[in-house]
Amino acid sequence: MFYRFIRALIRFFYRILFRIKAEGLEHIPQHGGVLLCSNHISNLDPPMVGILIKRQVRFMAKEELFHTPVLGPIIARLGAFPVKRGGISKESIRTALTILREGGIMGIFPEGTRNSQAAVAKRGAATFALRSDAAVIPAAIIGNYKLFRTTKVVYGPPVDLSAYKGKDAIGTAEEATEKIMEAIHKIIREHQ
């Protein structure tokens with residue numbers, strides 16, 4: 001209930017301020033685990049990627065945000081969970097895998113931090129995908145959040161990682177990460 005209320009409120013303001021639009025929503029499965037992988041250009045990205053989807057999207061957030069007096073309790077109630085900067089704890093990994101295995105949607109930014117240029121992605125997204133069997137949906141935020149100018153989110157078709165299943169080597173995760181990032185960059189190239 002709280003999530004739906006906040007999602008509607010943020011969507012209302014984003015529609016006015018950033019004229020948000022979505023394409024490719026049909027690619028997001030209605031049921032089952034989904035790993036939503038997007039580029040990351042602003043602190044406004046998590047709500048932007050999640051508010052356009054009917055299902056709840058949960059995100060990792062840097063641990064410091066949970067210690068902020070107003071924001072901390074709100075993001076916790078919205079389903080975010082903490083991750084330490086510079087590394088990920090076993091608890092964060094377990095939480096992410098549980099969300100995906102129980103049929104939830106988890107949003108992740110494979111580059112790990114905000115970046116206006118293509119950055120080297122971390123292996124976390126691919127590792128979660130390979131260990132959970134969740135559908136991997138690439139997404140790209142197109143635009144730059146200028147007031148009263150259109151910013152859109154384009155969701156692409158699922159990324160097929162079946163060739164990497166059952167292999168647990170670091171090289172496999174790196175190859176799968178490259179495939180996810182290629183799908184994100186393809187969306188960006190096609191829609192800019």
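Read-outs: derived from the displayed coordinates by stated rules, not from any lab. If you're wondering where the values come from, they're calculated on a predicted model, not measured in any experiment. Positions of Cβ are generated from backbone atoms using ideal geometry, with glycine treated the same way; all protein chains shown enter the neighbour counts.
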- Note on the structure: With R₀ set to 25 angstrom, the calculated FRET efficiency between the beta-carbons of Ser89 and Glu182, to the nearest 0.05, is 0.30
- Item | Evaluated at q = 0.14 Å⁻¹: base-10 log I(q)/I(0), Debye formula over Cα of the range 2-191 | -0.75
- Note the full-extension length gain between Phe148 and Asp133 as 0.36 nm times their separation in residues minus their Cα-Cα distance, in nm to one decimal. 1.5 nm
- At Leu17 and Ala76, where each label point lies 7 Å from the Cα along Cα→Cβ, what is the point-to-point distance in nanometres? 2.5 nm
- Task: Grab the DSSP H runs of the chain that are 4 residues or longer, score each as -39,500 (n - 2.57), total them, divide by all residues and round the 222 nm result to the nearest 500 deg cm²/dmol.
- Result: -12000 deg cm²/dmol
- Message: Can you give me the distance in nm between label points at Arg55 and His27, each placed 7 Å from the Cα along the Cα-to-Cβ direction?
- Response: 1.5 nm
- Item | Antiparallel DSSP beta bridges within the chain, percent to nearest 5 | 20 percent
- Task: List the residues whose amide H sits under 5 Å from the amide H of Phe59, counting only those 5 or more places along or on another chain, with H placed 1.01 Å from N in the peptide plane.
- Result: Ala80, Phe81, Gly107
- Query: For the chain, what is the charge dipole size about the Cα centre, in debye to the nearest 20, if Lys and Arg each add +1 at the Cβ and Asp and Glu each add -1 at the Cβ?
  - Reply: 640 debye
